[in-house]
1. By counting other Cβ atoms within 10 Å of each Cβ, how are W163, W151, W123, W108 ranked from fewest to most?
2. Given a cut-off of under 8 Å on Cα pairs at least six residues apart, what relative contact order in percent is computed for segment 73-189?
3. Cα centroids of segment 207-226 and segment 99-116: how far apart, whole angstrom?
4. Kindly put T184, T207, T220, T228 in sequence by how many other C-beta atoms sit within 10 Å of each C-beta, fewest to most.
5. May I ask you to list the trypsin sites (Lys or Arg not before Pro) in segment 51-143 that are in a DSSP loop and have at most 15 other Cβ atoms within 10 Å of their Cβ?
6. Counting other beta carbons within 10 Å of each Cβ, put L214, L20, L83 in order, fewest first.
Amino acid sequence: MDPSIFGFSPYVAAFVFGLLGGAHCIGMCGGIMGALTFSVPPELRRPHRVLGLLLGFNAGRIVSYMVVGALVGLVGAGLSHALDSIALVLRVVAAVMLILMALYIANWWKGLVRIEAVGRHVWAFVAPVGKRFMPVVRARQAFGLGAVWGWMPCGLIYSMLAWSLSIAEPLQGAALMGAFGLGTLPTVLATGVAARRISGWIRNPATRNVAALLIISFATWQLWHLHTMGTMN
């Protein structure tokens, strides 16, 4: 897609999208954040130790996003080189997926749930690996569990992977997914340490609606940009 978004880096946009999608991340990762917190024996449940586990888990999760982003970017590069016209198709698909992500965030339409269902087939094979890292009492175990958790079916992630696919460059795809993962970090960490004020703000319908409108505006601008490019050609 266009390397800049209203003058901003696409990585900044990906970070913001991750931040705005925090309400969904609460539902997906909030439970395991609490489980990690309480997995530490009471006598060892010091703030720095709990924070280390939470950071380790999220580091593993974000690394998984980056690995998949690089793989998807590589696939996009291969497709684009094989057929020039496919690049335009990939960009249109990426913009449409962002619109679906916005509808999902705002609870206006849950069509992405159907796409998540496809990913559950992969998750059925990956999920048992996570059991090897439990109970989690060390940062490296938390990292391993997070790396597994990063493969959990998620419509928001699939939307961002469609964007990585359209970029058609492995390193940029990894960087885009890394920026998105970092955007989700504040909310996920806040959930883990029971920062209810932040999670409450993210869950607020008004916040979710504004987030959805911003993402739809960006995706629509991208589609218009692609249309004008096609008209000029």
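Derivation of every value follows stated rules applied to the coordinates shown; laboratory data play no part. All values derive from a computational prediction rather than experimental measurement. Reconstructed Cβ throughout: ideal geometry from the backbone, glycine too, with neighbour counts over all protein chains shown.
1. W108, W123, W151, W163
2. 41 percent
3. Comparing the Cα centres of segment 207-226 and segment 99-116, I get a distance of 14 Å.
4. Taking fewest neighbouring Cβ atoms as first place, the list is T228, T220, T207, T184.
5. Here the sparse-neighbourhood loop sites are K110, R138.
6. The order, fewest Cβ neighbours first, is L83, L214, L20.
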